[in-house]
Structure formats: structure tokens, C-alpha cells
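Q: Attaching a single structure in C-alpha cells format; questions to follow.
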Amino acid sequence: MTVDALTDVAGVRVGHATRTGDGWLTGTTVVLAPEGGAVAAVDVRGGGPGTKETDALDPRNVVQKVDAVVLTGGSAYGLDAATGVMAWLEDQGRGVRVGADPSHVVPVVPAACVFDLGRGGDFRARPDAATGRAAVEAAASSQPGVRVREGCVGAGTGAAVGLMKGGVGTASVVLGSGITVAALVVANAAGSVTDPETGVLYGELFQGRVAYPEPPVHDAARRRLAEVAARNAPPPLNTTLAVVATDADLSKAQAQKVAGTAHDGIARAVRPVHLLHDGDTVFALATGARPLDAGSPLALNEILAASADVVTRAIVRAVRAAEPVEGPGGAWPSYEELYGEH
């Protein structure tokens, strides 16, 4: 039974650490690979990314597998969350072996951040190593195949999409071959996720959605967003982060192609993307549980196409699941508050 989430890829687990109140509105999300790790790759399209250990994922370099990926709030400060994840993995003896002693490991933990500084009111309230450790412990203690919490949790706690609240979303698909492809995103974009003329989500247009908000509803939403624009500082970054996972047996080069094609899913749901101050980053994980049909030239193409599709759906779900926030750091109405479940 699938739950339409990243955890539909067997062995992959997700954990959130969320901080709110007393100036906090931020958090960290950890994607934990199965024991033994997963082949990993990354594709960075934004001109202003905040990342850690992404060079290790280049197919030309020695590291083949990773045990966890960290998505975090706190801008570059929040990348310290990866330190807590590394410490937890070391305690488990998981990482790259660097000596005869099984405890001598160096966990390689790629990470990427979104900008949410000050959105809870305190600019210095940001994830740290303890936040990362809490998130990976939550992932490790979760049940296999459990549904993933979406909306204003983990790295999506302080996320915003344009003038609306953003968050975490996830989606999956099982291909005809039996291979699963899934995505988890953190939608935190300066760009818009809605068509300005109708209010419909761009991502839902690509899914063939035909139910549009009623014009009076859209007019009221635009008035509300104009009020928000007058109050909030303009968002300085346009960052959507994603982890795409599959149970297919992929090489690092093939996984990197998956990460690159998955960016198309962001471009369908957010406009603009990939600009000079964007931090758009997609990681790809392949657990290798199912063989790729090397005799079929379409086998990898199906995974590539599915990666973009699940990223688009995950962004829609992130926006749909988000809850409104109003506090000392600003006000962000949710899409559901503005438009309902049309």
C-alpha cells in the first residue's frame, strides 16, 4: 500500500524538527536513506544556493552513497543542522569507512537551506546541530512507509511562496515497471505559484485541473495579498528544495540526470525560478532495490519524466497543506485561506 509520499520508496524515512513561538519560525527536515546508504546526486540551478557537501555528489568524485540529506531553514546558518546529523550517523557507525575499526567513519551529509531568517520575529532563531539531530532521530524512529507530515513543518515551517505561506509537500508514483519515484519539496519561493489572472495554482494547470476560483474570491484574495505586500519585507531569495528518490538501481551519473530533470517540475509550479538570487536545488537518491531494464532505452526516460511530475505535485501539496501565519515577523495567508478547496 502506498501513501503518496517519499516514504513509498522502501527504506527511505523522513523526520522533521520544528521550532515555533518566542521568535522562532523555522526547522529542519532529514531524509534518511536505508542501511548501507543510497546512490546520490544533486543539480543546483539557482545562482545563490546555500549548500553543503554537494561537491561530493559529483559523479567524477569518490563518494558513491550517502546516508542522509538535510533540508533546513536558517539560510547558511541553518546548514549547521547537518553537523548534528553527522554526529548521529557516526554513533550508528554509518558513513564512509576510513579505517580498519568499524567505528572509524566519516558520514557524508549533503545539505541545502532556505531563507526564513526573522520570519518568527527573531533573526537569530535558526536551526543548529541539535535541530538536525532531533530531525534525524525522528526519521529513524518513524515506521517504514508511514505518511509524511506536510505543510508548516520541518524546513517548511517558515517557508513562504511569494506573499503566501509555503511549506513541505510530498508525492509519489509507481511506474508500470514497478519502480517507485517520489519527491519531497520545501516550497519557499519569491516567485508566484498562482496564475495572476485567475488564482489557480500553476502546478494544478499542469495536472489538468479545470476548477478555477470564482472571480469574487480571486478579487478578495488579491486585495488581501496587496495588504500583505505593504506589510512584509520583500522576500530576498526564491528557493525551492527537493529530494527525489527511487528504488531503481541507478549510477551516480543517471541519478544526476534525474536531479536535473526534476527541476522541470519546479519550473511548472513556480514562476520565476533559477534566477541569480535563487537557491533552487534538487537531490536524487537511488536505493538500487529494483534493476533498471538496461535493454530498454525508455526505462530511464520514464524515471526522468516521473521525477518532474512528482516534484510538481509535491509543490502543489506543500502550498495546499500550508497554514496561515501572522506574527512579529510578518503575515502570510495560506492558499486554502484565500481560495478554499475549489
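The values are calculated or read from the model by the stated rules, or taken from the named source; none is laboratory data. Please read all numbers here as calculations on a predicted model, not as lab measurements. Backbone-built Cβ (ideal geometry, glycine too); neighbour counts: all protein chains shown. Heavy atoms of the whole protein, side chains included, go into the accessibility calculation; ligands, DNA and RNA do not. Shrake-Rupley method; radii C 1.70, N 1.55, O 1.52, S 1.80 Å.
Q: What label, among (i) -0.52; (ii) -0.45; (iii) -0.34, belongs to log10 I(q)/I(0) by the Debye sum over Cα atoms at q = 0.08 Å⁻¹ computed from the structure on display?
A: (iii)
Q: Shape verdict for the stretch 242-284, please, from the Cα gyration tensor: rounded (a/c under 1.5), prolate (a/b greater than b/c) or oblate. Display every interim value, and only then the final one.
A: On the way: a/c = 2.95, a/b = 2.19, b/c = 1.34.
Judged from the Cα gyration tensor, the stretch 242-284 comes out prolate (a/c at least 1.5, a/b above b/c).
Q: State which stretch of the chain is the longest one without any exposed GluC sites (Glu not before Pro), exposure meaning a DSSP loop state and at most 10 other Cβ atoms within 10 Å.
A: Working: sites that count: 35, 197, 341.
So the longest stretch without any such site is 36-196.
Q: Let me ask something additional. Once you list every other residue whose beta carbon is under 15 Å from the beta carbon of residue 27, what net charge do they have if Lys and Arg are +1 and Asp and Glu are -1? Each step should come with its number before you reach the end.
A: Details: positive: 19, 119, 126, 133, 149, 165; negative: 22, 80, 116, 122, 128, 137, 150, 323.
Local charge sum for residue 27: -2.
Q: Quick one: if the Förster radius is 30 Å, what FRET efficiency do residue 207 and residue 331 give, using the C-beta to C-beta distance and rounding to 0.05? Could the numbers behind the result be given before it?
A: On the way: r = 29 Å, r/R0 = 0.97.
Efficiency, from the Cβ-Cβ distance: 0.55.
Q: Something else about it: Carbon-plus-sulfur fraction of the accessible area of the chain, 1.4 Å probe, in percent? List each step's numbers first, then the result.
A: Details: 7080 of 13510 Å².
Result for the chain: 52 percent of the exposed heavy-atom area is carbon or sulfur.
Q: Right, next: Please identify the chymotrypsin sites (Phe, Trp or Tyr not before Pro) of the stretch 108-215 that satisfy two criteria: DSSP loop assignment and at most 15 other Cβ atoms within 10 Å. Which are they? Before the final figure, lay out the partial values.
A: On the way: sites: 115, 123, 202, 206; in loops: 115, 123.
Hits after loop and neighbour filter: 123.
Q: Within a Cβ distance under 15 Å of residue 154, other residues only, what is the Lys/Arg minus Asp/Glu net charge? Walk me through the numbers before you get to the answer.
A: Values: positive: 13, 19, 119, 126, 133, 147, 149, 165, 317; negative: 116, 128, 137, 150, 323.
Around residue 154, the charge tally is +4.
Q: Would you please name the trypsin sites (Lys or Arg not before Pro) within the stretch 102-165 that are DSSP coil residues with at most 16 other C-beta atoms within 10 Å of their C-beta? Intermediate results must be reported in sequence, preceding the final value.
A: Details: sites: 119, 124, 133, 147, 149, 165; in loops: 119, 124, 147, 149.
Hits after loop and neighbour filter: 124, 147.
Q: What is the spin-label model distance, in nm, from residue 130 to residue 91 if the labels are put 7 Å beyond Cα along the C-beta direction?
A: Here the answer is 1.4 nm between the modelled labels.
Q: Order the peptides 168-175, 156-163, 138-145 from the highest to the lowest mean number of other Cβ atoms within 10 Å of their residues. Display every interim value, and only then the final one.
A: Values: 168-175: 23.2, 156-163: 28.6, 138-145: 14.9.
Highest mean packing first, the order is 156-163, 168-175, 138-145.
Q: Got a sec to turn the phi values of the stretch 70-84 into Karplus ³J(HN,Hα) couplings, 6.51 cos²θ - 1.76 cosθ + 1.60 with θ = phi - 60°, whole Hz, x for Gly and Pro?
A: Rounded to whole hertz, the list is 10, 10, 8, x, x, 6, 4, 4, x, 4, 4, 4, 4, 5, x.
Q: Now for a separate question. Scan around residue 290 for amide H atoms under 5 Å from its own, H built in the peptide plane at 1.01 Å from N, and keep only partners 5 or more places away or cross-chain.
A: Hits under the 5 Å cutoff: 248, 249.
Q: Measure nothing but the geometry: give the 0 to 90° angle between the long axis through the Cα atoms of 252-269 and the longest principal axis through the Cα atoms of the chain, rounded to 10°.
A: Tilt relative to the chain: about 10 degrees.
Q: Please compute P(r) over all alpha-carbon pairs of the stretch 55-202, binned at 5 Å starting from zero, and give each bin as a whole-number percent.
A: 2, 9, 14, 17, 18, 16, 12, 7, 3, 1, 1, 0, 0
Q: Can you give me the accessible area per residue for the stretch 6-339, using a 1.4 Å probe, in Å²? Working shown, then result.
A: Numbers: 12910 Å² over 334 residues.
Result: 39 Å² per residue.
Q: Separation of the stretch 248-266 and the stretch 110-124 by C-alpha centroid, Å?
A: Here the answer is 27 Å between Cα centres.
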